[in-house]
Structures are given as C-alpha cells and as structure tokens.
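The values are calculated or read from the model by the stated rules, or taken from the named source; none is laboratory data. All of these numbers come straight from a predicted model, not from anything done at the bench. As a convention, Cβ positions derive from the backbone with ideal geometry for all residues, glycine included, and neighbour counts pool all protein chains shown.
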Amino acid sequence: MHHFHYQNERLYCEDVPLADIAAKAGTPSYVYSVATLTRHFTVFDGAFEGVPHLTCYSVKANSSLAILGLFASLGGGADIVSGGELFRALKAGIPPDRIVYSGVGKTEAEIDYALRENILMFNIESAEELEVINSRAAAIGATARIALRVNPDVDPRTHPYISTGLRKNKFGIDVDGALKAYRRALELKHVEILGVDCHIGSQLTEIAPFVEALKRLKILVGRLAEMGIKVQYLDLGGGLGISYSEETPPHPREYAQAVVQELKDLPCTLIFEPGRVIVGNAGCLIMQVLYTKQTQTKEFVIVDAGMNDLVRPSLYGAFHGIQPFEKGKRETRVVDVVGPICESSDFIARDRKLPALNRGEYLAVMSAGAYGFSMSSNYNSRPRAAEVMVDGDRFFITRERETLEDLVRGESIPDSIERARQI
Ligand code: LLP
C-alpha cells in the first residue's frame, strides 16, 4: 500500500503531481510520501501491540534526516551501523535509549562515541569486538550494554548478496561460539549482558526462515538461562520483504503472529530492525528522458538518473517498476532504460515493456525508498540527487541537490604540484 497513483492520467504522490516536483526540484530526485511512511511504520509497530517491543528503524535503508525525524515523532528507535548513522539518528531526535548498534567493523572511535551517548545496546559480532568494547568502556568509565549477534545458519532464501545468517557469511557468531563469548562476557566488568540479537537477511518473502531462526535462538536462550543469564531483550533484526513486482511477502501482521506464537513463553522485550518494509514503497526516483536511441539489436531510453543514483538494478539485477508521469494510451515497446554513466551495467531496467517514450518526458522509478539514495555515490562526478518529502498537498525539498562545489569539498592540490603548474 502506497500513495503514488494516477489521477486524470497524471502521476501523483499524495495530492501533489510529480510534474510539479520535477519543475521545482529538478531531476533526478527522490520523492517520499509522509502518508506512506507513517502508515508503514504504524502498521509494523502496531502489529506487535500488547507485546513489549521496540521498533528500531534500520537507518541504512534510508538515512534522510527528515525520515528519521518522522519516525522519531512516531516513537521509533534506530538500528545503526556506523558513527555517521548514530550522528544522524541523534540529530533527528531519536533518543539514545532507543538505539541499537550492529555491524562487524565498529572502530574504537565509533564505540567511544556510542558509549558516550549511552545507547541502549551494542550488537556484538565477534569475540574480539567483545574484548574491545569492554576495554573501551573501562577507559571511559562506562558500562556497555550488549547482546551478541548470533548467526543461526538459516537460509533466508533471498539474493546471496543480502543473506547474512548463513555460516559462510561474515555476520555474527555461531551458536557454539556465542555460548563461549557469553561465558566470557560474564567475566568482564564493563559489559552488561542484555540479550541476544540475530538478523538473517533482507527482502525475505517467506515466514519460515524467520521461524527457523527463532527456534534456534530459543534453544540458545534456554542454554543461557542455565548459565544464569537472563535475556531481557531479543533483537530479531529486520528483513521483511516488499513487493517490487510479483513478490507476495507476508504482511507485517502475519509476521508478528508467527513471531509472537513462537515466543509466547519468553518474557522479554522484542526489538525489530525493519528497513525496507517501512521505506521501500514509500519512495520513488523521478527522472527525465534525455534521448531515445535505436541500435541494430536494442532500443535504449537514456535517462538522467544513473547507477550512481540507484545502484540496485546494476548490483543485484533488482527489478523496479517504471511509470511515466503522463499515462495516456500509447503503443508499447521493449526497451533498456539506461543512465549516463560510462559502464554497461548502468541500467535501471532491461528488456522492459514500456509505453513508447519521448525525449524530455518524465518517469518515476517505483519502490526506490529503500537502499536508493542511501547507496548513491558521486561516480562520474555526478552531484547526488535532491530529496523531496510530500505531505498531503505540500512538498518540501529535504535535501538540496549537490552542487559542483560540493563535489570538490575538502579536496586540494598539493603545493608542489601547484608550483609546477605555475611554471
Ligand atoms: N538489521 C541489520 C543488522 C541489517 O544488516 C539490515 C540490513 C537490517 C536490519 C534491515 O534490513 P531490511 O529490513 O531493510 O531488510 N542494499 C540491499 C539490502 C542490504 C541489507 C543490509 N542489511 C538492497 O538494496 O537490497
């Protein structure tokens, strides 16, 4: 369910024609719907009503301050993976006691920052990291609240690049290793064990792998109880998928039912780290057709958004729907929609049946709210896109398009080269 729709053959976000946004903000730009974001957050969070829980939105999916601010206003927490994400979350007003910190490569500086801000919990991903967090906490005179991220070795049946809970993945600690690490944590003076964490992958379209992981976690929780460790928080990560085209992922309510059913005798607070399911279908990328080009084998539609703006098709072969701003009846063509970047992998869609398109017209790439802007880059020295938030019949540019000066901010030419240039 989202708020992008045609009205009199024109594509709208809520009550604003996307054409108005293109005219004001230019293209390429990301456009997000407040109504969809709010709905998705409240549906997910509301699915666990009556069960002690915390919805820690996964900042990496879309780190826009405006979106984080919206979730903060809805009572959300944050799942972060870097000092940068911590900075954003705090700046947006998410309270530190609702922030959990995952990631295999936390630096000492990042750990210190999170300790000083007194976040709720570190999700620790290796035995070595446990030692470092303990010693950093000792140095600062703090206590680190921790969970160990357990790798349950469950196949999430998703794209191999985004599955994380298999033994061969770099994430978390296997169950036996985790038991050892918990025993060690009991000896450490500057950590307090709060619970267990797990995240098995992203864009899951079935419930079974979640339930399988939970069953394995429950066995671990039992073993921890025998060691005298009471699990107060069980962090189940994110991963619930969305529909990009034909997928039929479970509704958050079904997911909640399965989780609650499986955990009914476990008195602890649940933490969730949803990303894509909240923001994915709440955003689109708007772009303009620069040229059309017929070659001997293909018809290309060349647009002003490239893989630097949206890398998912190039990186994962991901499908994103494409809709023209003006619907109208026209013949269809099978085309490749490609960007201006100098790479053959720079495409938004391949062999896609679309209405015949003309130079100058505008298109929206759908379901681009998650891992869109947040994975964008300056490749080919392209300024990053603007971001726009629509709220009813109003819209706001929440991030200005980068300028050419932004591209070289912080750069300099060494004096020796500068001198040589002047000779
Ligand atoms: N928690 C942890 C520890 C994670 O690593 C992730 C995502 C999430 C939560 C949120 O997962 P979600 O609910 O969004 O599935 N760039 C890829 C997705 C990478 C996901 C990385 N981790 C894509 O564009 O599909």
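Pairs needed: first member in region 267-278, touching a residue at least 12 places away in the same chain (Cβ under 8 Å) and closer than 18 Å to R312 by Cα; second member anywhere, among the charged types (D, E, K, R) and within 14 Å of the ligand (Cβ to nearest atom); C-beta distance under 9 Å; at least 6 residues apart or different chains.
Every condition considered, the pairs that remain are G275/K60; G275/D79.
In this structure, does K264 turn out to be charged (D, E, K, R) and either without any contact (Cβ under 8 Å) to a residue 24 or more places away in the chain or over 29 Å from L130 (Cα atoms) (or both)?
yes
Could you check how many residues of region 58-84 are within 30 Å of E131 (Cβ to Cβ) and within 11 Å of the ligand (Cβ to nearest atom)?
Count: 7.
Out of region 156-189, which residues are surrounded by 18 or more Cβ atoms within 10 Å (Cβ to Cβ) and in a loop (DSSP other than H, G, I, E, B)?
Selection gives P156, T158, T164, G165, F171, G172, L188.
With of a type in the set (G, A, S) and under 23 Å from Q288 (Cβ atoms) as the only criterion, which of S416, S376, S412 stands out?
S376
In region 277-321, what residues are within 16 Å of the ligand (Cβ to nearest atom), surrounded by 21 or more Cβ atoms within 10 Å (Cβ to Cβ) and β-branched (V, I, T)?
If the condition is that a residue be within 16 Å of the ligand (Cβ to nearest atom), surrounded by 21 or more Cβ atoms within 10 Å (Cβ to Cβ) and β-branched (V, I, T), then V277, I278, V279 are the ones that fit.
Test P160 against the criterion of being modelled with pLDDT under 85 and over 18 Å from L236 (Cβ atoms), and give yes or no. Can you show your working first?
On the way: modelled with pLDDT under 85: yes; over 18 Å from L236 (Cβ atoms): yes.
So P160 fits the description; yes.
Which pairs have Cβ atoms under 9 Å, sit 6 or more apart or on different chains, and link a residue in region 3-28 that is under 17 Å from A305 (Cβ atoms) to one that is among the basic types (K, R)?
L11/K327; L18/R10; A19/R10; A25/R401; G26/R401; P28/R401
Checking the condition within 16 Å of the ligand (Cβ to nearest atom) and over 20 Å from N62 (Cβ atoms), which residue from S345, S381 passes?
On the way: S381 fails: within 16 Å of the ligand (Cβ to nearest atom).
Only one candidate qualifies: S345.
Confirm whether A144 is more than 30 Å from V211 (Cβ to Cβ) and buried (at least 24 other Cβ atoms within 10 Å of the Cβ).
Criteria met by A144.
Criterion first (touching a residue at least 24 places away in the same chain (Cβ under 8 Å) and either assigned by TED's automatic domain parsing to the domain that holds F48 or of a type in the set (D, E, K, R) (or both)) does A225 satisfy it? Let's see the steps before the verdict.
Working: touching a residue at least 24 places away in the same chain (Cβ under 8 Å): no; either assigned by TED's automatic domain parsing to the domain that holds F48 or of a type in the set (D, E, K, R) (or both): yes.
So A225 fails the test.
Failed condition for I207, given (1) under 22 Å from I80 (Cα atoms); (2) touching a Phe, Trp or Tyr at 6+ places or on another chain (Cβ under 7 Å); (3) not small (G, A, S), with all others met?
Result: I207 fails condition (1) only.
Considering region 295-312 alone, what residues qualify as being among the aliphatic types (A, V, I, L, M) and within 17 Å of G26 (Cα to Cα)?
Residues of region 295-312 that are among the aliphatic types (A, V, I, L, M), as a first pass: 301-303, 305, 307, 310-311.
Across region 295-312, the qualifying residues are I302, V303, A305, L310.
For region 217-248: of the residues being over 23 Å from G77 (Cβ atoms) and within 16 Å of the ligand (Cβ to nearest atom), which is surrounded by the fewest Cβ atoms within 10 Å (Cβ to Cβ)?
Looking at the filtered set, the residue picked out is S245.
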